[in-house]
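Working notes, beginning with the structure itself.
The values are calculated or read from the model by the stated rules, or taken from the named source; none is laboratory data. Owing to the predicted nature of the structure, the values given are computational and were not obtained by experimental measurement. Neighbour counts run over all protein chains shown; Cβ positions are idealised from the backbone, glycine included.
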């Protein structure tokens with residue numbers, strides 16, 4: 001399972017102006033919306049050539065050939081789907097969980113064919129060659145960590161974009177909240193005067 005986590009720090013996390021329960025509910029909702037926004041709009045950029053310039057610190061160790069993080073595109077396509085993605089949020093953090101799964105680079109028949117060729121050329125047992133091929137076809141923990149770092153990197157521009165999106169969402173929610181309080185006061189005043 002891959003995770004993208006974005007935390008809110010500063011005055012928003014310690015806001016005391018509004019009812020804490022109401023404000024936390026609005027933050028949770030706004031952060032969940034931003035989690036889906038990241039998955040739909042920002043995460044796919046990591047699989048394009050533009051990623052080399054944007055995320056130099058994270059993706060810079062890879063060669064500047066082809067698309068970053070892409071060998072066959074199977075994992076990229078799986079991560080772009082919404083079916084296995086879970087977005088959870090609290091009042092100060094959003095987490096986007098995406099299924100990493102098996103690489104799915106080759107089907108069983110292709111692995112068996114490759115293992116048969118290796119077993120024949122190296123003069124080893126088929127079962128040993130099959131294990132070798134399976135290991136080379138699977139993601140190991142180190143590659144998962146590197147992939148996670150590459151996939152969850154954010155540029156300063158994207159951090160600002162997420163912060164501005166959060167501020168817009170909260171402003172909208174606060175405006176609605178303030179307006180509904182004002183309309184309630186008017187209703188009470190007009191109702192009490194009759």
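The table below gives the values:
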{"item": "Near pairs, Cβ below 8 angstrom, 6+ apart or cross-chain, from the stretch 2-26 (within 22 Å of residue 87 (Cα to Cα)) to any residue that is modelled with pLDDT under 60 and assigned to a loop (DSSP other than H, G, I, E, B)", "result": "23/15"}
{"item": "Residue ID - surrounded by the fewest Cβ atoms within 10 Å (Cβ to Cβ), chosen from residues in the stretch 111-123 that are at pLDDT 80 or above and closer than 23 Å to residue 75 by Cβ", "result": "113"}
{"item": "Residue within the stretch 124-131 that is modelled with pLDDT under 85 and outside the structural domain of residue 20 (by TED's automatic domain parsing) present", "result": "yes"}
{"item": "Pairs, first on the phi > 0 side of the Ramachandran plot and at pLDDT 85 or above in the stretch 81-99, second assigned to a loop (DSSP other than H, G, I, E, B) and surrounded by fewer than 17 Cβ atoms within 10 Å (Cβ to Cβ), C-beta under 6 Å, six or more apart", "result": "none"}
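Condition check ((1) part of a helix (DSSP H, G or I); (2) at pLDDT 85 or above; (3) within 15 Å of the chain's Cα centre (by Cα)) across all residues:
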position	(1), (2), (3)
23	yes, no, no
27	yes, yes, no
32	yes, yes, yes
36	yes, yes, yes
39	yes, yes, yes
43	yes, yes, yes
61	no, no, no
68	no, no, no
75	yes, no, yes
